[in-house]
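Have a look at the structure below before the remarks.
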C-alpha cells in the first residue's frame, strides 16, 4: 500500500503539506502525493526511538537476527509491486532493480548472521588478579553497545540497497540502534513500501514500535531537524558532498556533537600501467566504457579518472574507448536534478580550454537521459586546476596523460580521498605498482586490480569508504559487515556480580561467542 | 640532558622565545628556560613526520614492537633524574611518580605485545568465488592501516603516563603513525627527558627520524597550528573541556576534517544503594574520602558526585565522610593555574544557596595546596542547576540526596556523558541496580561495583572513554589496548597479485596472525 503516509513507529499519519515525484523516463508526475514530514514528526519519531532504545538494545542475538530476516522476508513478499514502483520512480531497468532487491535482502540476512555470530560485541575479559602486587587487578569485562537512535538518509541511486532498508539501516538495526529514515524524495512510493515492510517486521517480532520510523519529505529543513534532534546519536548518509557537508556541520554544532557517516563523492582513479596497456589496451577500453556507462554511470564507484603514460599505446586506447563510447545508448538518469547537474558538469569539461572531448555517446532520445562523455587532458593541466578532479555524477570520465611514472605519482599525491583506486596491470607492471600501492592506500578505501570499481561486494572484507572527502569518516565502511562498527561503542564492566553483567561476558560463555580472555581467544569460540 | 630544546626528529633546536615553569610546591622558578616552538617548528615536524610515514607504516611487526620496547628501556635508563625532575615540576610524590613510570613502561611493552600479536590488523579474507552466479565474487582482503601523522597533547596530571610517551603516543606508534607531541608547559623538563628517550629509540631502531618530534611551548597558538596542519591526520588530547573543544573546532574547520580524541571532563557519579549504605556506610565513607583526596583529587576519574537516598543511614554516611575529610592533609596541586581553578570551583559551591558545605580538609600549609571539600544538596536543586554538575578538578565532591530511586534515576538521566559510574551495592540492591545499569551504560564508558573509579587498569578490557563531553568521541578509549583502534582505518584489496598484497593477508598466513576467512576464524590463528 502506498498512500503517502509518515510512519511514526506503528502510527501512519498524513500531513497537509504534500510533495510529488516524477517518472524521470517520461517526465510525468506520479500519484499519489506524499506527506512532507515536519519538525513535529521528527520529534515524535525520535522520542519514540529513544523510548524503544533500551528494550531494543537488550534484545538477545537470535531475536534481533530473526527481526532482520523478517524484514528481508517482508520485502520479498511485496512482490513485483516494489519493482514496478521503483522502475517508475528511478528510471532504472527491471533487471537492475531485481538484482538490487536481492542485494538488499541478502544484506539483511548477512547482518542477521553477523548478529548471531557475535564478533561485533568484541567481548573481552581480563579476569581479576587478586594476588598481583603492588595492586590487585580488578575483574574487567568489555562489550560493544549500540550508540542510540540513528538517522538514515536514503540515497537516490540505490532506491533499495542504499535507501530505507539499505546498508545503513541494516547495520544500525543489527547494532541494536532504532532507526529513523529520512526518505529520499525521488522514490517515496518505493520508500513507503519498504518502510511498511520494516514496520510490519517490528510488530511481528514483538519489538517496541519506535525501533523504526519513516519520514518522507523533500525539504532540507527536515533532514537538518533530524540531525539536530538531541535524541539522535549517529547519522548514516549517502549522497552529494554538499548534502553531506551540511549534515556534518549541523552535527558538529549540536550541544552534543555526534558522528556522521556520509558517503559523498569520489572519482575513482584507474591507473593503466604500460605493459597492460600494450598487451590488452582494447580489452581494457571495452571494460572501461562498460563500467563507465552502466546504469548511466550513477555509481559512487564510477571510474571518473584514467591515468596512463603518454605513448602510442595510449593514443590507441583513447581512440578505441572513444569509438566504443560513441556507440553507447543514452540512459535515463534518476531525477531531473541529477540529469541537469550531469549536463552542467559535462559542459564545463567540454568548454574547458585544457580539455579535449574524445567522444560523446549516442544522442538523447527522451527526457533526463545521460549521454556518455569522455575527455582528455594532460597531467600538468590536471594538476593546475583542481576543478578537473571534481566528480561529475554520471557517465563522464577524463583521461589524464602523464609524462612518466613520476608525474603519474604526482597526480595521485594531489588527489583528494577516494573510495577506490583501480590498477590495470600485467606482471611487468608489478614493480611500478608496488611503489604506488602504499601511496594509494593512504588515499582510498579499496584498491583493486584488473577489474572495475563498479560492483561493490557485500562481504566481510569489503571497504566502501575512504578518506575525506570520499566520506566524512575514513575509519569506516558503509558496505559489508564491518559497517556495524559505526553504530557501536565500548563499555567496560568492573567487578560486577555475575547477574548484573551483560550475558555476553558472563562466565561460561552462555552465548557461545568469540571472546578474548587475558588477550587470548577462548578455546570454545566458534 | 635538559637544555630546553625543540626536537624535530633527530634535530635539537633552540628557539629565542622561551618559557619557564615553577615548582608548585615552592612557587620557585625552575631552570633551564625552554624553547617555545613556533609555527615554523610545527611545519618542520609535520613535514618530517609525513616523510617518515610510508617507511614507518611499512615496518614489520617485530621491528615496530622492538621499537616500543626500546622506548620503554630508554625511559627506565634515564634513572632517578626523571623522577626527581618530575617531582619538582608536578608536586607529585616520589612513590606516585615511580608507579607512574612503571605504568608508562608497562603500557609501551603491552602495546609491543599487541603489535606482535596482530589482532589490531583485523585481517579479513573473503576468497574469490569464480563460479558464483549470477556474478562471480572477486578475491577481497582487508587490513587496518595507520591514518598518518598524529598530534599528541600531553596532560598535566600524568606527566609520564598521559604525556610525551603516554597512552596516546604508545597507541599511535603501535598503529604505525608518526607522532608529534606538543609538550605540556607544566613539566617541560620531564617532557624533554622522555622525548630524548624516544628520539634515541627511533635512531637505534633504524627508523626515519620523523617518526617522532617534540614541540615544547606554552601558547595556544602552538597547539592550534599543530591541529590545523594538513599533514596531521588525528589528534590525541587529555585535558580541560575548554581545551578539547577548541581543538575539536579547529579540526572540524580544516579543509580536511580529522578525528580528535579528547578526554576532557567527568564527575564520575557514585551511587550508594540503600542496603550497602545500611550495612557498611562508614566503610564506604572511608573508601570514598580516600579516592576523593588521593593525589589531591587530580584524576579524570575522581568521584565528584555521590547519589544516595535520603535516610538516617545517609545522614550517618555524610557525617562520617565529613569527619574523615576534615582530617585530610592538603596536597600540592600540579600548577598554580589548576590550584586557582580548584579554589574558584570550591568557592562557587560553598557560596551556592542550595549547597551545604559538609566539611573541608586541614588548612593549607604551603603554596598551591588543595584543601579537600565536601558538599551536599538535594536532587531537586541539582536537577535545577546544571552548574552543580560541572567538574571541579581536584578533591571536591557533592553528595546529592534523592527522595527515592525514581528521583535518583532522574538525576542519572540528566547527567552528561561520563567516564565512569560506580555502584556501591549489596545483594539486596541488585534488582534496583539491574534496572539502572542499562541507563548508565548509555552514559558512561565504565561501570564498576564496590570499588572506586580512580585507578585505571591498562588492559584489554579497559574503557577510559565515554559519551561527549567526557570525551570528544565516545566510540573509543584512551587507556588499554583498544586505544590503538583510534589511529587505524580499514583498506580492502581486491584481486591483487600475491606479491602486491600486504603480507598480513597473503595466502599461508606468513605473519601467523588471527585472521577471518569467509567470516570464520582460521584454525592456525593464535
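Tabulated values for the structure
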quantity	calculated
For A:477-490, mean number of other protein chain Cβ atoms within 10 Å	4
Order by protection proxy (mean Cβ within 10 Å, highest first), peptides A:40-47, B:368-375, A:175-182, A:340-347	A:175-182, B:368-375, A:40-47, A:340-347
Folded to 0 to 90 degrees: helix B:430-441 orientation relative to chain B principal axis, Cα	50 degrees
Anisotropy class of chain A from Cα gyration tensor, a/c 1.5 cut	oblate
Highest average packing first - A:298-311, B:196-209, Cβ atoms within 10 Å	A:298-311, B:196-209
Protection proxy ranking, peptides A:474-482, A:426-434, average beta carbon neighbours within 10 Å, highest first	A:474-482, A:426-434
Gyration tensor verdict on region A:280-364 (Cα atoms; rounded if a/c is under 1.5, prolate if a/b is larger than b/c, oblate otherwise)	prolate
Average other protein chain Cβ within 10 Å of Cβ, residues A:13-19	0
Estimated D of the protein assembly as shown in µm² per second, where Rh is the Kirkwood radius over Cα pairs and Stokes-Einstein applies at 20 °C, 1.002 mPa s	71 µm²/s
Cα gyration tensor category, rounded, prolate or oblate, for region B:269-449 with a/c compared to 1.5	prolate
Among beta bridges that DSSP assigns inside the protein assembly as shown, antiparallel share in %, nearest 5	40 percent
7 Å along Cα→Cβ, label-point gaps from residue B:29 to other copies, nm, shortest first	7.9
Closest approach to the axis - chain B beta-carbon, rotation onto A, Å	B:252, 2
Test item: B:513-520 mean partner chain Cβ contacts at 10 Å	3
Per-residue [θ]222 nm for chain B (sum of -39500 (n - 2.57) over DSSP H runs n ≥ 4, rounded to 500)	-12000 deg cm²/dmol
Antiparallel bridge percentage (DSSP; both residues within region A:269-449; nearest 5)	20 percent
Degrees between helix A:80-90 axis and first principal axis of chain A (Cα, 0 to 90, nearest 10)	50 degrees
0 to 90° range, to nearest 10: angle between helix A:405-414 axis and chain A longest Cα axis	50 degrees
Separation of alpha-carbon centers, region A:226-273 and region B:412-471, rounded to whole Å	31 Å
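The numbers here are math on the coordinates, done by the rules we state, and not lab data. None of these values were measured; they are calculated from a predicted model. For neighbour counting, all protein chains shown are included, and Cβ atoms are generated from backbone atoms with ideal geometry for every residue, glycine included.
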